[in-house]
Amino acid sequence: ERGGNNSFTHEALTLKYKLDNQFELVFVVGFQKILTLTYVDKLIDDVHKEFRDKYRNEFQQKGTLGLLNGTFDFKDDFMRLLRDAEESSKVRAPTVMKTFEQSLKSQKTVKCMIETRGEKPKEKVKNKKNKGSKKEGTEAVAAPGKASAGDKQPSAAGDREELTKDEILQKNREEFFKRHMKAGEKSSKSPKPEAQKEKGKKPRVWDLGNSNAKVLDYSNSATNGSAEACPVEEFDPDTALGDRNREPGRLYDLEYESDDEAEEEKVIQNPSKPSAKKGGLGGMFGMLKGLVGSKSLTREDMDPVLEKMKDHLIAKNVAAEIAVQLCESVAKKLEGKVMGTFTTVTSTVKQALQEALVQILQPQRRVDVLRDVMDAQRHRRPYVVTFCGVNGVGKSTNLAKISFWLIENGFSVLIAACDTFRAGAVEQLRTHTRRLNALHPPESHGGRTMVQLYEKGYGKDAAGIAMEAISYARNQGFDVVLVDTAGRMQDNAPLMTALAKLIAVNAPDLVLFVGEALVGNEAVDQLVKFNKALADHSMAQTPRLIDGIVLTKFDTIDDKVGAAISMTYITSKPIVFVGTGQTYCDLRSLNAKAVVAALMKA
């Protein structure tokens with residue numbers, strides 16, 4: 001129903017339904033899925049109209065109780081409509097291809113199809129005559145000031161006949177000399193001699209720069225890449241944590257400041273003044289304009305409003321296809337609904353769309369990571385989370401944020417460096433591990449190391465490293481394993497096969513797709529193809545697909561939050577985390593109402 005789909009398939013049966021919002025009726029037709037019945041839509045429409053028209057008075061007088069207690073003798077009418085629908089499908093005979101004698105080509109003679117060299121078709125000649133007449137008309141209307149510019153163009157045929165050969169030669173010579181004189185004047189204006197540049201290259205000195213080159217020399221402190229040999233970093237915790245007044249371990253909701261309150265305050269502070277032009281009655285009629293008085297909504301009433309709503313959603317980064325489907329589902333939901341006296345079509349459609357958007361963003365199955373980790377602890381096994389997504393969306397950065405959040409909730413984390421392709425991927429995770437250990441040293445947790453990196457370098461099999469990391473975490477007593485994978489485009493079949501293998505072999509508890517909030521139509525393509533690749537390349541009978549979404553770079557989009565709608569709509573999976581900045585504390589949970597408020601903002 002979200003996407004305006006009015007059919008449902010269950011095993012060998014297919015059900016199609018139609019809503020009548022005016023009398024709150026649902027018409028359902030069922031048939032075997034294997035049958036290709038072309039008349040089903042016509043049948044359900046005919047039954048809907050016949051039934052509603054036949055019992056309209058009874059519905060209006062008795063209401064809902066009349067529907068529940070009444071008996072409807074409709075069998076004969078239904079059988080008649082069914083026969084009519086079946087007959088209408090038989091009447092349409094398949095179109096027969098024309099014979100050569102029936103075609104226009106057979107009526108042409110051979111003579112009219114032969115073209116001799118130098119002879120032009122009549123239609124083309126006519127077109128050229130028309131073009132010539134248009135040109136002559138425009139030349140006649142042209143201003144006399146443009147006549148001199150037109151002299152350069154070839155003159156008309158009549159002018160050529162009037163001029164003699166000597167006059168034409170004289171004219172050409174004058175134009176030739178004029179052109180060469182202009183060229184000589186341009187070349188005579190020589191540029192000013194440039195100042196001679198000083199030989200040699202001098203280093204540039206910046207105002208705020210450091211002239212001491214020894215500060216920039218890191219050659220002596222070269223290490224072999226091991227964590228023990230690297231010097232301990234000294235950094236300000238405020239830069240890594242951001243807000244120091246926050247509650248440790250709490251995942252805050254997204255916040256959005258709506259302009260409605262500010263607008264209400266302005267209205268109160270600036271009371272409306274009576275205009276000199278309009279009288280009291282004019283203002284009253286203007287206020288009542290657009291109100292619908294107890295009438296049922298039709299598609300014609302809603303179409304202009306829905307068109308504006310669709311354009312508004314697309315402007316807010318909602319994928320175009322999804323915006324169309326959303327508006328279609330809202331139209332079906334409202335069509336035939338009886339409106340109140342003091343309600344406008346725009347406000348009704350807007351409210352219905354807001355309700356639909358909130359419903360989409362609220363997950364059908366809530367992902368509670370902390371509860372699931374505690375459940376895995378009781379079974380004495382690590383809770384495994386795999387991160388996947390395209391290149392450059394922030395998988396490693398948000399993995400570090402989630403690690404920090406888990407550590408603050410008292411869980412130990414093992415990070416598995418399974419991105420063995422991108423240069424610097426392992427070093428990036430090593431730096432995050434050092435920083436997280438500096439923020440939560442073992443002394444603060446009874447000598448227990450809260451975060452550790454499991455890495456095997458580059459060029460290795462990612463699925464094998466993940467399996468070893470999970471086994472190591474089980475033996476060492478880690479609570480959570482976070483598996484970082486290489487970024488890959490959704491069209492790259494070999495890399496998608498490798499990801500499906502990693503997920504199928506290690507069977508993680510949670511598969512998170514990391515997507516950035518900057519994308520529009522691309523979000524749909526990415527999620528559809530990632531899920532399709534996981535399903536196609538998995539050897540299991542019930543393949544493992546994406547369980548949730550991490551939406552990153554949310555702080556860069558202002559109120560263009562359409563990617564959240566696109567991603568949840570296409571997968572029906574929840575957005576588990578939202579990345580809102582560069583520090584470890586910039587992690588939020590999705591607030592559906594705040595996102596919808598930003599989306600509906602003008």
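The values are calculated or read from the model by the stated rules, or taken from the named source; none is laboratory data. This one's a predicted model, so the numbers in the text were calculated from it and none came from an experiment. Please note: Cβ atoms are built from the backbone with ideal geometry, for glycine as well, and neighbour counts cover all protein chains shown. Please note that ligands, DNA and RNA were not included when accessible areas were found on the heavy atoms of the full protein model with its side chains. Shrake-Rupley method; radii C 1.70, N 1.55, O 1.52, S 1.80 Å.
Within the stretch 571-599, residues that are more than 29 Å from Leu534 (Cβ to Cβ) and outside the structural domain of Lys553 (by the TED database) reach partners that are open to solvent by 10 Å² or more (accessible area, probe 1.4 Å) and small (Gly, Ala, Ser) with beta carbons closer than 6 Å, at six or more positions or on different chains, in the pairs Ala597/Ser258. When the stretch 331-343 is filtered for residues that are within 13 Å of Ser296 (Cβ to Cβ) and assigned to a helix (DSSP H, G or I), only Leu334 remains.
Note on the stretch 404-425: residues that are without any contact (Cβ under 8 Å) to a residue 60 or more places away in the chain and either outside any loop (DSSP other than H, G, I, E, B) or under 15 Å from Ala473 (Cβ atoms) (or both) total 1.
When we screen Thr346, Thr386, Thr397, Thr449 for residues that are assigned to a helix (DSSP H, G or I) and in the same structural domain as Met489 (by the TED database), the only hit is Thr397.
Residue by residue through the stretch 549-562, note down the ones that are in contact with a strand residue (DSSP E or B) (Cβ under 7 Å, 6 or more places away or on another chain) and open to solvent by less than 10 Å² (accessible area, probe 1.4 Å). Selection gives Ile549, Val550, Leu551, Thr552. Against the test of being open to solvent by 70 Å² or more (accessible area, probe 1.4 Å), more than 18 Å from Ala352 (Cβ to Cβ) and at pLDDT below 90, the options Lys277, Lys295 yield a single qualifying residue, Lys277. Scanning the stretch 299-331 for residues that are surrounded by fewer than 16 Cβ atoms within 10 Å (Cβ to Cβ) and charged (D, E, K, R) yields Arg299, Glu300, Asp303, Glu307, Lys308, Asp311, Glu321, Glu328.
Conditions (1) closer than 17 Å to Leu414 by Cβ; (2) open to solvent by 10 Å² or more (accessible area, probe 1.4 Å); (3) touching a Pro at 6+ places or on another chain (Cβ under 8 Å), marked per residue:
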residue	(1), (2), (3)
Gly459	no, yes, no
Ala462	yes, yes, no
Asp479	yes, yes, yes
Met496	no, no, no
Leu510	yes, no, no
Glu516	no, yes, no
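For Glu522, indicate whether it is open to solvent by 30 Å² or more (accessible area, probe 1.4 Å), in contact (Cβ under 8 Å) with a residue 40 or more places away in the chain, of a type outside the set (Gly, Ala, Ser) and assigned by the TED database to the domain that holds His432. When the stated conditions are applied, Glu522 does not pass them.
Could you tell me whether Arg430 is over 20 Å from Pro382 (Cα atoms), open to solvent by 10 Å² or more (accessible area, probe 1.4 Å) and touching a residue at least 12 places away in the same chain (Cβ under 8 Å)? So Arg430 passes the test. The condition (being surrounded by fewer than 18 Cβ atoms within 10 Å (Cβ to Cβ) and not in a helix (DSSP H, G or I)) is satisfied by just one residue among Arg366, Arg371: Arg366.
Residues checked against (1) in a helix (DSSP H, G or I); (2) at pLDDT below 80:
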{"position": "Asn5", "(1), (2)": "no, yes"}
{"position": "Phe27", "(1), (2)": "no, no"}
{"position": "Ile34", "(1), (2)": "no, no"}
{"position": "Thr64", "(1), (2)": "yes, yes"}
{"position": "Asp73", "(1), (2)": "no, no"}
{"position": "Met79", "(1), (2)": "yes, no"}
{"position": "Ala85", "(1), (2)": "yes, no"}
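In the stretch 99-108, is there at least one residue being outside the structural domain of Val26 (by the TED database), open to solvent by 100 Å² or more (accessible area, probe 1.4 Å) and modelled with pLDDT under 50? No: zero hits.
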